[in-house]
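To keep things clear, I will list the structure first and then write my remarks on it.
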């Protein structure tokens, strides 16, 4: 998604770059008309998406690249993460049973659920070898 106010970075598929990703997002979202809670929600959603790509698309292999692009358009702040790893099929996603997870003290497995709760819209697509997640928050 291109916009005259868009910015992008390419980051290696390693959680060692989480702070760099957070700082990149923080820098640009703080210039938008959003409050501190919304900024934290956007950063957490990006953290989850980035981590899911590392863990599931790239199987924790750190030698791959994730492109993160963000910008504003039509009253929303958007973030798009792109990778060339294994495709995520959003149609097969089943939301977690929260009560069961809490009762069983299960860790992990909440990323997609959180992303959907934190952002106003989330779209997954795959074109050729490129997978994208596009997240939007109204501003």
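Quick notes on this structure:
- Cut-off 11 Å (backbone N to label point 7 Å along Cα→Cβ of residue 129), residues of the stretch 66-102: 84-85
- Computed [θ] at 222 nm, deg cm²/dmol, the chain (DSSP H ≥ 4; -39,500 (n - 2.57); rounded to nearest 500): -9500 deg cm²/dmol
- Highest-first arrangement of 7-18, 48-59, where packing means the average Cβ count within 10 Å: 48-59, 7-18
- Reported label for calculated volume of the Cα convex hull per residue in Å³ given [x] 118; [y] 174; [z] 135: [x]
- Rel. contact order, % - alpha carbon contacts under 8 angstrom, at least six apart, the chain: 29 percent
- Arranged from fewest to most other beta-carbon atoms within 10 Å of their beta carbon, 81, 114 become 114, 81.
- Gain on full stretching of the segment that runs from residue 86 to residue 139 - 0.36 nm per residue minus C-alpha separation: 15.9 nm
Taken together, the values in this text are just the output of simple stated rules run on the coordinates, not laboratory data. In this text the structure is predicted, and so the values were computed from the model without any measurement. Glycine also receives a Cβ, built like all others from the backbone with ideal geometry; neighbour counts cover every protein chain displayed.
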